[in-house]
Structures are given as C-alpha cells and as structure tokens.
Amino acid sequence: MPITVPVVPEGVDPAWLPPDAFRALGSRRTLILGSEPLVKTVHSEVAHACTQFGGEVVRGASSAPHDLVLRLAGDEGGSTGEEGFTHERGAGTTTVTASGQRGLLYGLFHVVRLGEDAFRGARPREVHQPATALRMLDHWDNVAVHPVMGQVERGYAGGSLFWQDGRAHGDSERVRAYGRLLAACGVNAVSVNNVNVHDVEAHLLTDRIGEVAQIAQALRPYGIRTHLSVTFAAPVVLGRLPTADPLDEAVREWWAKAVAAVYAAIPDFGGFVVKADSEGQPGPFTYGRTHADGANMLASALAPHDGTVHWRAFVYDHRQDWRDRATDRARAAYDHFAPLDGKFADNAVLQVKHGPMDFQVREPVSPVFGALPRTRVAVEMQVTQEYTGQQKHVCWLGPMWSEVLRFRPEGEQGRSVGELATGGSVAVSNAGDDPFWTGHPLAQANLYTFGRLSWRPDADPLRILDEWIALTFPAVPERLAAGLRTVLRNSWRTYEKYTAPLGVGFMVQPGHHYGPAVDGYEYSPWGTYHFADRDGIGVDRSAATGTGYAGQYSEPWSARYESAASCPDELLLFFHHVPYGHVLKSGKTVVQHIYDTHFEGVEEAEEARRVWAGLADLVEPARHARVAERFEEQVRGAREWRDQVNSYFLRKSGVPDERGRTIY
Ligand code: GCW
C-alpha cells in the first residue's frame, strides 16, 4: 500500500516540519535504494518534497548523477545497528547509508535538519546511532473523560490525540502527523494511555485492543511502536479471577493468553507500562509479593513475543502523617528497589523518575541511578509542564534534562545517567489536540528537545534549541532567532527563581498544581514538606541528623550533599534545614536570596514578554498572539508567586529586604 505523507488538518500548526523545512531536499535529485516498509515512508517523504520544490526522486538502480543517495544496505560495509546510519559527502553526492530501515528514516530527517548544508562541500563519513534503543513518550491520556483529571491527566494542550468521545479517534491523520513529528526528533515508541488505568481504559488490553491496533497502524510508518499502560489487577477486573497474585498459576496463564491476543492484533507491539502500588493503583504488595515478582510475571508473558515491561519505580507512601519526620518520600524509590537489584528479568525495565520526588523545577538526580547495576533502568522525565508552568509559562527544560543526563552518580570517572539508562529514555508527553500541539507554541521546543536528547544525551541543549528554531522557522531572520534564544534559553532558571526556592519544591496549589500556595501541601499526607518556621526552612535529609537520604548516594555525592557547607546552593533546602541567616556560597543569606530571586524572576519574565512583543513583525499573527496572551498570564502568575513567597518569608522570619522593596 503506498504511504502518503500525513497532511496536518487545516488550522493545525506544522510544528518543526513546515513544508519549507524540506526545501533543500525537495529541490534535489535523490536516489533511494531499498524496498522495506519504512523505505516506502522515506520515498514518499522525498517524493512529496520534490512535488513542492521541483526536485526528482528515483528508486532502484540508476546511474545518472544524484545529489543525494539514501541507501538501505544491510550490514554491507559494517552494521550501523537497527536505527543508526552513516552520512558522508563527496564528488557532489551526499550519501546516507543504513543497515536497518529505521536508520534510513532517521538519516532522512538528519538531511532535513541540515538543510542546504547537507549539499555543500565535502564531508567525511560520520556514524550516527542513538544512545539507547527505546525513546518513548508516555501519554497520560484517558479514553473516557475522567471526572477530576479530564481527558488528559496533567495535560495542558487540549484533548487527547488518540481518544475522543470514549473511543479511538476516527481520524488517524493527526496521529500519523504526530508520529512523523516524533520520528523527526528521534522518538520511536509511544504509550497511548494513562498510567493510572481507570475502569474503561483497563479494557484496552482485551476487548478494546482493536482500537489500540488502529493507533499502532497510524504510527507504524514512522517507526513508532505502540505500548500500553495496564492495570496490575487486570486478571480480577477483566478476567474475573479471584486474585491477581503474580505467582498464581491461573493468573500467569491469564496474562500469557492476554498478551498473545495483543500480539495477534499488533505484531510489533512494544510492551506494557505499569504503575503498581503507587498512589492507589493495585500491585503485588496486596499479595505479599515483591515488585520483582510482579514485573517478572508480566515480563515472562511478554518474552515469547519480544515485548518489554516498563515497571515504574514511583512507589511511595502517599498517606503519610505530616507529623512524622522520619518518613521521607525522597527515600522511597531507592528503599523499595535497590534491594531487588539482579532479580528482574532481562525484558523488565525499571522506569525511574529523574528526581526522587516528582518532576519539580529543581531536584537532585535520583539515587536509584547507579544503585542497581544488574537491572535495566530507564530515566523518566516530564515534558508536560505539570510543575513548570503548565504550558502557560515559557519554561524550556533542555538545560535541566541535560544536567540530569550528564550527572555521574558514580563520580567523575563513572558513567552518566544517559549511559546508565540502558532501558531507555522516557517522558510524559505535552502534546494534545490543540492547534499548536502543545498549548504554548514555544512548548514545542520541549517535545523536540526531549527526542533529540534521548538520541544523544550528551548533546549540547543550546544546539538542539537552535536546530528547533531553524526547522520551525525556515530561513529564520537573525533577529527572530536571537529573540527566540533570549526568550527560551534561561526560561527554566527564570521559572525556578520565582517559584519554590533552593530545591525545596512544591509550594503549589493542591490538586491542580498551578500557582503558589506556600503551605498548600504542608499539612497534607503527600510527603512534600518544606518545614518553614520562624527560624529557618528546609528538609534535613543528612545521614547524621536527618532522614538519611543523602546516604543513598555513592561518593562523592553522598559527602557533598551531607554537609550544608558543601551542598550546592540550588539544592540546599532539599538536603538541609537552615536558619534564614545561613550564608550561601553566593554570599547572600537564604532569606535575601529568596527575596532577590523572586524579584529577578518577575523582571526576567517581563523582559521575555517585551522581547516577544518586539518580534511581532517576524512571526505569523496567530502564533504571535497565542504566545503574547500566555506571556500576560505568565507575568501575572510570576508576580503572584513573588508576592506570596516573599510575604510568607517576611512574615515568618521578620527579616526585612535589604533593598527595601515592596513586600506585603
Ligand atoms: O506527578 C504526579 C502527578 C500524577 C501522576 C503521578 C505519576 C499519573 O501529579 O498526576 O499520575 O505523578 O507519575 O504517576
């Protein structure tokens, strides 16, 4: 069946694949060698570009000179792996060679990114390969609109791309276009439903698998495999068995049959994502079993089909007593999972949030990385901006993710998180059926950056940002590129400045998590406290006098975090409870730092709004207006954060601002 390039529906933004991004490629003469299904996708991409820009595409043998050769070559000349490719240029021809069909698709998008540069001068042979074989977006999408969480849990971009009116979207064109965007930034897997699996969604595994197959079919031409979140209680809720005990023979048989039926419907199905014994979801604890027992039972059902189970490490006590200072939510993932190292099946991947708490604007890197050397681990990030402005505020997270991925848990000589995460790089998607895909048009940069960092975790995020700018705004005038860089590059630090200080986290409105409420979670069961009193603030997580969390790290981190003197400023309140007068490495006291950063954060947000306003003549009106409107909300929100946080600490501490600015 011929594959056509998906057309984004009228009014939907082409994001980083506008027609003009294909100008250089589309005006050349290209030879394509290979006949596998994804080579057909490559062919239709090039053919489509050529109809727009006057080039020509040939398939099969041809001796005429070509500007570009895209060649599927098996392992001849050395394997590039299933997804890698080589790229070189000489004698007026650019050649991309791949051993596997996915590799050729990624090679094509590499040429698209290079634009005219792909066809200039000479280039020695370069080998491009992804750092990890799984680069996945998890959608927290519900099939039925959930009474509290809506269609997409923590979604800020309209409805679901996959589900509408209680069933799979009838029109798959948008899903295909999404798959194409994802392939162009290197993502190769999608999980299509919320990890909180409600009643309706549980059925996707069995009687409604046909709808998942429909989505898989739309994503397949762009090399994207489909995964599903399943409930651990499926044998009970769907199979009417009396138990879901992972060691029970009938339960194991039930899963084996269910999985076989899934593969009958979706032969290239990727596997399951499981949130078990977490925030009320069922899990193996009910049966006195371990998480390894639970994960391995699913792994063994998936193994005959080459599937993988992604088992989330987000397990903690969400009903803790705020009076109890000994329980520390930050410790939970390590405490639960480190003792299970070596017990997980080969096709079970432990999916670990990048920080020990919950996607805050600043957290240390989870000590789980590096603590399970005999377990396949995946890193989980949050592209959807639950705690970072909910796609109303500009907050480009590239620098934060890059810090996480480059962090070396075992010390300078050891491996980075990017290298340790052999089980994959995963993130919660920020996309929905919004015309700009991501609500805030500039939040597209986060989705793109996640994909590219997953491919190469040691890449410079600023270069990725430039890539995104060049693709999204072809032939971008330098003033626009410079303006976009100014608005985006420091936006994460700006957001950090006007929200919770020095790594302490939260201080958000309970429930929806938008906007400030300094004590919003202080007396709640969720384990997210800051412990501010009249004398000081922060959580003592030292081994000597606190919860012992700092001791979960290897050296040098353990010693560095243990003492307030060596702990990095930006994490001080995560690890230590200090007086307001404690002097930071910056030379400022903690309370003055809080005041200063909150004033600065608002000023920076106002400045970004001003810079954006000055770009009006260079950006299409709809996009400009959408961002401008969001900047109004960001500045309002930033001021609210500033005034609530500053007033709170002035009132608690009684220490006036050195500069006498207005605090309420
Ligand atoms: O960040 C928290 C969110 C929940 C989410 C949970 C998780 C899907 O507030 O909405 O549930 O994390 O990661 O499982």
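The values are calculated or read from the model by the stated rules, or taken from the named source; none is laboratory data. Quick caveat: nothing in here was measured; it's all calculated off a predicted structure. Please note: Cβ atoms are built from the backbone with ideal geometry, for glycine as well, and neighbour counts cover all protein chains shown. Remember, those area values only see protein heavy atoms, side chains included, never the ligands or the DNA or RNA. Shrake-Rupley method; radii C 1.70, N 1.55, O 1.52, S 1.80 Å.
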Filter result (more than 26 Å from residue 3 (Cα to Cα) and either surrounded by 23 or more Cβ atoms within 10 Å (Cβ to Cβ) or modelled with pLDDT under 95 (or both)) within segment 205-231
205, 229, 230, 231
Residues (surrounded by fewer than 19 Cβ atoms within 10 Å (Cβ to Cβ) and not charged (D, E, K, R)) located in segment 620-634:
621, 622, 624, 625, 628
Flagged in segment 149-179 as hydrophobic (A, V, I, L, M, F, W, C) and either in contact (Cβ under 8 Å) with a residue 60 or more places away in the chain or closer than 30 Å to residue 405 by Cβ (or both), in numbering order, are 149, 152, 157, 161, 162, 175, 177
Could you please let me know if residue 321 is surrounded by fewer than 22 Cβ atoms within 10 Å (Cβ to Cβ), in contact with a strand residue (DSSP E or B) (Cβ under 8 Å, 6 or more places away or on another chain), over 24 Å from residue 438 (Cβ atoms) and modelled with pLDDT of 95 or more?
no
Residue in segment 558-572 that is under 21 Å from residue 318 (Cα atoms) and of a type outside the set (D, E, K, R) present
no
Hits in segment 297-349 - residues which are within 17 Å of residue 279 (Cβ to Cβ) and among the polar types (S, T, N, Q)
320, 327
Return the residues of segment 120-149 that are open to solvent by less than 20 Å² (accessible area, probe 1.4 Å) and either more than 23 Å from the chain's Cα centre (by Cα) or away from the ligand (no atom under 11 Å from the Cβ) (or both); say none if nothing qualifies.
132, 135, 136, 137, 143
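To keep it simple, each residue is scored yes or no on (1) within 18 Å of residue 556 (Cβ to Cβ); (2) within 16 Å of the ligand (Cβ to nearest atom); (3) touching a residue at least 60 places away in the same chain (Cβ under 8 Å).
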{"position": "377", "(1), (2), (3)": "no, no, no"}
{"position": "380", "(1), (2), (3)": "no, yes, yes"}
{"position": "385", "(1), (2), (3)": "no, yes, yes"}
{"position": "388", "(1), (2), (3)": "no, yes, yes"}
{"position": "395", "(1), (2), (3)": "no, yes, yes"}
{"position": "398", "(1), (2), (3)": "no, no, yes"}
{"position": "410", "(1), (2), (3)": "yes, no, yes"}
{"position": "418", "(1), (2), (3)": "no, no, yes"}
{"position": "428", "(1), (2), (3)": "no, yes, yes"}
Quick one: is residue 169 more than 18 Å from residue 308 (Cβ to Cβ) and within 16 Å of the ligand (Cβ to nearest atom)?
no
Where in segment 420-489 are the helices (runs of 4 or more DSSP H), entirely inside, with at least 2 residues that are open to solvent by 50 Å² or more (accessible area, probe 1.4 Å) and farther than 22 Å from residue 631 by Cα?
461-472
Go through (1) open to solvent by less than 10 Å² (accessible area, probe 1.4 Å); (2) within 29 Å of residue 373 (Cα to Cα); (3) out of contact with any Phe, Trp or Tyr (no Cβ under 8 Å at 6 or more places or on another chain) and name the single condition residue 568 misses.
(1)
Of the numbered conditions (1) buried (at least 19 other Cβ atoms within 10 Å of the Cβ); (2) in a helix (DSSP H, G or I); (3) small (Gly, Ala, Ser), residue 157 satisfies every one except a single condition; which is it?
(2)
Of all residues in segment 566-597, how many are in a loop (DSSP other than H, G, I, E, B), touching a His at 6+ places or on another chain (Cβ under 9 Å) and charged (D, E, K, R)?
0
Residue 600 being open to solvent by 40 Å² or more (accessible area, probe 1.4 Å) and either in a helix (DSSP H, G or I) or of a type outside the set (D, E, K, R) (or both)
yes
Apart from one, (1) within 16 Å of the ligand (Cβ to nearest atom); (2) out of contact with any helix residue (DSSP H, G or I) (no Cβ under 8 Å at 6 or more places or on another chain); (3) not basic (Lys, Arg) all hold for residue 270; the odd one out is (1)
Residues (small (Gly, Ala, Ser) and loosely packed, with under 15 Cβ neighbours inside 10 Å) located in segment 490-525
511
Filter segment 327-367 for residues that are among the basic types (Lys, Arg), open to solvent by 20 Å² or more (accessible area, probe 1.4 Å) and more than 20 Å from residue 385 (Cβ to Cβ); which is farthest from the ligand (Cβ to nearest atom)?
343
State all residues of segment 376-402 that are of a type in the set (Gly, Ala, Ser) and either modelled with pLDDT under 95 or part of a helix (DSSP H, G or I) (or both); if no residue qualifies, say none.
398, 402
For segment 11-104, which strands (runs of 3 or more DSSP E) that fit wholly inside it have 1 or more residues that are open to solvent by 40 Å² or more (accessible area, probe 1.4 Å) and modelled with pLDDT of 95 or more?
29-33, 56-59, 68-72, 85-90
If we scan segment 242-259, do we find a residue that is modelled with pLDDT of 95 or more, within 21 Å of residue 168 (Cα to Cα) and crowded, with 23+ Cβ neighbours inside 10 Å?
yes
Which one is nearest to the ligand (Cβ to nearest atom) among residues in segment 276-300 that are open to solvent by 10 Å² or more (accessible area, probe 1.4 Å) and either over 30 Å from residue 525 (Cα atoms) or out of contact with any helix residue (DSSP H, G or I) (no Cβ under 9 Å at 6 or more places or on another chain) (or both)?
279
Tally of residues being hydroxyl-bearing (Ser, Thr, Tyr) and farther than 17 Å from residue 356 by Cβ across segment 526-582
4
